[in-house]
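Have a look at the structure below before the remarks.
Coordinate-derived values only; no laboratory data. The structure presented is a predicted model; accordingly, all values stated were derived computationally and were not measured. Glycine gets a Cβ as well: all are built from the backbone with ideal geometry, and neighbour counts include every protein chain shown.
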Amino acid sequence: MRTVLKSNYAIEVINLSFKYEGTEEYALNNVNLRIKEGEYVVITGPSGSGKSTLCRTLNGLIPHFYRGHMEGDIRIFGISTRAKRTHELARLVGMVFQESENQLFLSSVEREIAFGLENLGLPRDYIRKRVKWALRNFKLEGLKDKAPYELSGGQQQKVAIASVMAMSPRILVLDEPTSNLDPLSAFEIIALIHQVNKAMGVTVILVEHRLELALKYATRLILMKEGRVITDGDPREVITSKEARSLGIGIPKVVEVYKRLKEEGIELPRIPLSSEELALGVRGCLATYGSSYRG
Amino acid sequence: MSIRVFEGFKFKPKGTYFYKLDPRVKMSFLIVYSILTLYFSTVVPLSILFLFSVVIVVSNRVAKEWGRTLRAVALLSLVIFSFNLLFGAKGNKLNYASSMTLRFLTLTSFFSIFFLTTTPEELSEALLLIGIPYEYTFMFMMAMRFIPTLARDFQTIIDAQRSRGLELEKGNFVQRARKLLPLLIPLIVLEIRRSVLIAEALEARGFGTSAKRSTLKEYRLSKVDLYLLFLTITFATSLILSSKLPPYSEIMNYRLPELVP
């Protein structure tokens, strides 16, 4: 049932520009990206920088669902999204949206997870197997018969991710999945996304403002502004770049600490992206500096 | 009358026997008893039907939710009663008014039982099984699903407009009606935008794939289903027959005495 894959890249975005119908300005302006399978890409940038628009081009919502003018091309495992509709791409690209309320439709978690598979017309036995798998892997067994819209925000987003993952996509795109969540739930969702990427080998594209949570696991960070990609690369390099500072994104506290230490003449061996990494770096420094301070 | 009226029309999972029934059986149950309720116009058979619905409600442990709805429609039934008593058909007005009120309550009760124990999906799947196209049953299901969301959005808009100084309680009828405009316009705009977001989420979950849809749940008539179907038919026929034939027909067709002789 799998499509034969024609490319080494999971996602190829080539000279992509897009303008929504009835607007003058380009929401995306000559974007070029190549993403390999298994990468964990975090995209950030101010509101209106084209992050959500970019997400919607990856599963064909643009240009099929939203009207407008598109230039360039997007290939998902070598397949052009111009040729495939969103529901045809659903088994390759799964998408989780910001508001969980608008993506949960049914009266039980179990049915919610089955919904996408039912739409694809898959055999009942297979659906049953996938639902079971999703319930177990996302620890939702206890909530099986609960109504999704009666759950907490964090659990709702978990159900949304589980029901997308049940369709076994190779790429998971998440458009600000934690923006309506409390810090603890956001932390849990980010950890869950990491699990999807690590344990299931799924390519993750995560649009996120909470960098102190999201960067911990990212293999790549992309900064966007006014429809353009302005920096793209290793998270440690991108987050300490001039562009990151000027963009006014939420630079994690641990990175700020690193910079201050550097100004003070203490250079940690590696730019930390989590408090664990910072602690480790400081401890290592203390070990080397320690003797000279004492002396 | 507020949003509480709908309490007894919202699915409440309790797991008792009525929940396990095939939605088609539940639907035929609803249809048969609704027709019976409309067929009889005297107090005795309508009371029997009403009591029968109460037995089902109590034995399925949904009395609380059912009670809320019945209490909420109490005022409406009072209106029906007094209206019929004052302006009702010529002849026995007390009898007519009581029967009409009883009929209304019994219908409410049966519908409440159905919606309390049937999820929107089950209902839409039942409609699907009897041949209604999926697009329509799905539309119906989504409408049911988003009622609470709509109610919450509406409340948010009321609160927002109130906090900006809109006084909803002031003024006469026309003035008050005009104040609905600043509530309805944002609501419509909000829901249109929401519908776009829902549509894209549906699309992303493979909705509209040309392949024939499959379902996780399988509906097969079980023993309990057949048993209840049999009971429904037996009870309905015996009610009708007893109203037609002696010796019970006299009791079944009993009319309340005139208020003013």
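The table that follows gives values for the structure above.
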item	result
Cβ-placed point charges (K, R +1; D, E -1), dipole of chain B about Cα centre in debye, nearest 20	380
Rg/Rg_ref, region A:168-295, where Rg_ref = 2.2 N^0.38 Å and atoms are Cα	1.20
Per residue Cα convex hull volume in Å³ - calculated over chain B	180
Order of A:K242, B:K93, A:K216, A:K158 under a 10 Å beta carbon neighbour criterion, fewest first	A:K242, B:K93, A:K216, A:K158
Fraction of antiparallel bridges per DSSP, chain A only, in percent to nearest 5	55
Alpha carbon convex hull of region A:9-235, projected area averaged over orientations, nm²	11.7
Computed lengthening from A:D182 to A:E226, 0.36 nm per intervening residue step minus Cα-Cα distance	13.0 nm
Per-residue mean of C-beta atoms belonging to partner chains within 10 Å, peptide A:97-106	6
For region A:269-280, Karplus couplings with θ = phi - 60° (6.51, -1.76, 1.60), whole Hz, Gly/Pro x	x, 9, 5, x, 10, 8, 5, 4, 5, 5, 4, 4
Gyration tensor (alpha-carbon) shape descriptor, region B:76-168, a/c threshold 1.5	oblate
Local net charge near A:T86, Cβ-Cβ under 15 Å (Lys/Arg +1, Asp/Glu -1)	+3
Inter-chain Cβ neighbour average for residues A:114-123, partner chain, 10 Å	6
Neighbourhood charge, 10 Å Cβ-Cβ cut-off, centred on A:Y66 and excluding it, Lys, Arg +1 and Asp, Glu -1	0
Cut-off 10 Å between beta-carbons: net charge of the residues surrounding B:K12, Lys and Arg +1, Asp and Glu -1	+2
Taking chain A and dividing mean pair separation by its residue count, relative contact order in percent (alpha carbons under 8 Å, at least six apart)	21
Residues with amide H under 5 Å from that of A:G72, placed H, sequence gap 5 or more	A:S17
Residues in region A:184-227 reached by a label modelled at A:K259 [backbone nitrogen below 15 Å; 7 Å Cα→Cβ]	A:211-212
Nearest-0.05 FRET efficiency for A:T219 and B:K212, computed from C-beta distance (R0 35 Å)	0.30
Residue order, fewest to most beta carbons within 10 Å, for B:R61, B:R164, B:R24	B:R164, B:R61, B:R24
Candidate lysines - alpha carbon under 16 Å from A:K139, same-chain residues fewer than 8 apart omitted	A:K129, A:K158
Pair-distance profile P(r), taking every C-alpha pair of the protein assembly as shown, with 20 angstrom steps and integer %	17, 40, 28, 12, 3, 0
Exposure proxy ranking, count of Cβ atoms within 10 Å, fewest first, for B:E169, A:E176	B:E169, A:E176
Amide H partners (placed H, <5 Å) of A:M95, local residues excluded	A:V173
Share of pairwise Cα separations in region B:127-261, more than 21 Å, in percent	71
Estimated FRET transfer efficiency when R0 is 51 angstrom, pair B:L245-B:T16 (beta carbons, to 0.05)	0.90
Rg/Rg_ref, region A:121-161, where Rg_ref = 2.2 N^0.38 Å and atoms are Cα	1.23
Leading residue at positive end of dipole, region B:146-204 (Cβ point charges), from B:L184, B:I198, B:F173	B:F173
Nearest 10 degrees, 0 to 90: helix A:253-263 Cα axis against chain A principal axis	30
Test item: B:194-200 mean partner chain Cβ contacts at 10 Å	5
Beta bridge orientation in the protein assembly as shown: antiparallel %, DSSP, nearest 5	55
Candidate aspartates and glutamates for bridging to A:K198, where Cα separation is under 17 Å - those fewer than 8 sequence places away on the same chain excluded	A:E37, A:E39, A:E188
